[in-house]
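Have a look at the structure below, then the notes.
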Amino acid sequence: MKKIMVTGATGQLGSQVLKLLVEKTGGNGISAIARDLTKLAEFSALGVDVVYGDYNDRNSLVKAFNGIDLLYFVSGSDVSSRLQQHENVVAAAREAGVKHVVYTSFQRRNETENSPVFLIAQAHLLTEKLLKESGLTYTILKHALYSDVVPMFIGADVLEKGVIYQPAGNGKVAFTSRSDMAKAGVAVLTGEGHENKTYEIAGGKSYAYSDVAEILSKIGGKPVVYISPTVEEFSKTLSEAGVPVEIIGMVGAFSEGIKQGEFDFPGTELEKLIGEKPEDLAGFLSKVYSK
């Protein structure tokens, strides 16, 4: 029996993958790492082997990865530190003798420093390179932008305001739910024939914010319009409203990426992996915004 370890298990994606693995296997042969083991007490009670591990501590990772066949490697959330963190994970996987690493990367078109999201992309590009040069067997899951980010970007009160205000132009995105991405990860971890492959983990349709406005208009029963200001206008408006500069910069960068078509990669590989139609954006938003 293959031993599977999930990293990032206290996060939203890793915890969903862990939950699905437990449902599929009964927890037998499944382990997870965390810096705070108390946060995984629920899974420990279900038979998951919970182990201490910290992306910043390579030695802890080597110890945690010992005896692991399949490693589900969730990219780090600390953008400023994850270049080194990811180097630690790949190096530790090699040292511990991990047989196969499944890495959660992301979709992109522009891989140069001119990309509006290069600060986000940089660690992913490096990690893919490290894995391919490491001698480890790998599978790279190139995740689309999460459907889950749409409410974050447009706000919980968008139906009341009736306005989506984002500087994304007419750019489209193959928004895909985190739950479907988790299903894809489990399909790879428990399936066969995924060695040294790269998959585009995205739904079959792309959406512009004008499409999102149309969907929300139907959900709320009243018009929602989409306004696309310039990045400068957007930044000024949000700054005057007291939004932190870091948030403005992050949303602005992703919006510019959307405008440039950075994330417009609809496809069928996700559907083939999970054996069902991925959740569409209308269904996802209906769950979020329906009262």
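The values are calculated or read from the model by the stated rules, or taken from the named source; none is laboratory data. Source: prediction; values computed, not measured. All Cβ positions, glycine included, derive from the backbone under ideal geometry; neighbour counts span all protein chains shown.
For segment 81-101, the criterion of being of a type outside the set (V, I, T), at positive phi and at pLDDT 95 or above is satisfied by at least one residue.
For segment 256-279, which residues satisfy the criterion of being part of a helix (DSSP H, G or I) and either touching a Gly at 6+ places or on another chain (Cβ under 6 Å) or not basic (K, R) (or both)? Walk me through it before giving the result.
Initially, segment 256-279 is screened for residues part of a helix (DSSP H, G or I), giving 256-259, 269-274.
Those that are part of a helix (DSSP H, G or I) and either touching a Gly at 6+ places or on another chain (Cβ under 6 Å) or not basic (K, R) (or both): E256, G257, I258, K259, E269, L270, E271, L273, I274.
Taking segment 52-70 as the search range and keeping residues that are of a type in the set (F, W, Y) and free of Cβ contacts under 8 Å to residues at least 60 places away in the same chain, which one is farthest from I4 (Cα to Cα)? Steps first, please.
Start the filter on segment 52-70 by keeping residues that are of a type in the set (F, W, Y), which leaves 52, 55, 65.
If we keep only those that are free of Cβ contacts under 8 Å to residues at least 60 places away in the same chain as well, we get 52, 55.
Working: Y52: 15, Y55: 18 Å.
Step by step, filter segment 52-70, then rank; the result is Y55.
In segment 23-43, of all residues being touching a helix residue (DSSP H, G or I) at 6+ places or on another chain (Cβ under 7 Å) and within 25 Å of D148 (Cα to Cα), the one that is surrounded by the fewest Cβ atoms within 10 Å (Cβ to Cβ) corresponds to K24.
Where residues in segment 166-208 are in a helix (DSSP H, G or I) and among the aliphatic types (A, V, I, L, M), which of them is farthest from V224 (Cα to Cα)? Steps first, please.
To start, the set of residues in segment 166-208 that are in a helix (DSSP H, G or I) comprises 178-190.
Checking the rest, the ones that are also among the aliphatic types (A, V, I, L, M) come to 181-182, 184, 186-189.
Numbers: M181: 29, A182: 31, A184: 33, V186: 37, A187: 38, V188: 39, L189: 41 Å.
Checking each candidate, the answer is L189.
If you take the residues of segment 106-125 that are among the polar types (S, T, N, Q) and touching a residue at least 60 places away in the same chain (Cβ under 8 Å), which of them is farthest from I4 (Cα to Cα)?
So the first thing to find is which residues in segment 106-125 are among the polar types (S, T, N, Q), and the list is 107, 110, 112, 114-115, 122.
Those left that are additionally touching a residue at least 60 places away in the same chain (Cβ under 8 Å): 107, 110, 115.
Details: Q107: 25, N110: 33, S115: 35 Å.
Ranking the qualifying residues of segment 106-125, first place goes to S115.
Being of a type in the set (G, A, S) and not in a loop (DSSP other than H, G, I, E, B) is the filter; apply it to segment 113-145 and report the residue that is modelled with the highest pLDDT.
Looking at the filtered set, the residue picked out is S134.
Suppose we filter V251, V288 for residues that are β-branched (V, I, T), in a helix (DSSP H, G or I) and closer than 30 Å to L21 by Cα; which single one remains?
Working: V251 fails: closer than 30 Å to L21 by Cα.
Checking each option against the conditions leaves just V288.
In segment 226-238, the condition of being out of contact with any helix residue (DSSP H, G or I) (no Cβ under 6 Å at 6 or more places or on another chain), of a type in the set (G, A, S) and either on the phi > 0 side of the Ramachandran plot or in a helix (DSSP H, G or I) (or both) is met by no residue. For first residues located in segment 126-139 and under 16 Å from S75 (Cα atoms), partners that are of a type in the set (A, V, I, L, M) and assigned to a helix (DSSP H, G or I) and lie 6+ apart or on another chain with Cβ distances below 7 Å form the pairs L126/L83; T127/V90; L130/V90; L131/V90; Y138/L131; T139/V188.
From the list A253, A282, A202, A213, exactly one residue is closer than 21 Å to A144 by Cα, crowded, with 16+ Cβ neighbours inside 10 Å and in contact with a Gly (Cβ under 6 Å, 6 or more places away or on another chain). Which is it? It would help to see each step written out before you state the result.
Working: A253 fails: in contact with a Gly (Cβ under 6 Å, 6 or more places away or on another chain); A282 fails: in contact with a Gly (Cβ under 6 Å, 6 or more places away or on another chain); A213 fails: in contact with a Gly (Cβ under 6 Å, 6 or more places away or on another chain).
So the residue among A253, A282, A202, A213 that is closer than 21 Å to A144 by Cα, crowded, with 16+ Cβ neighbours inside 10 Å and in contact with a Gly (Cβ under 6 Å, 6 or more places away or on another chain) is A202.
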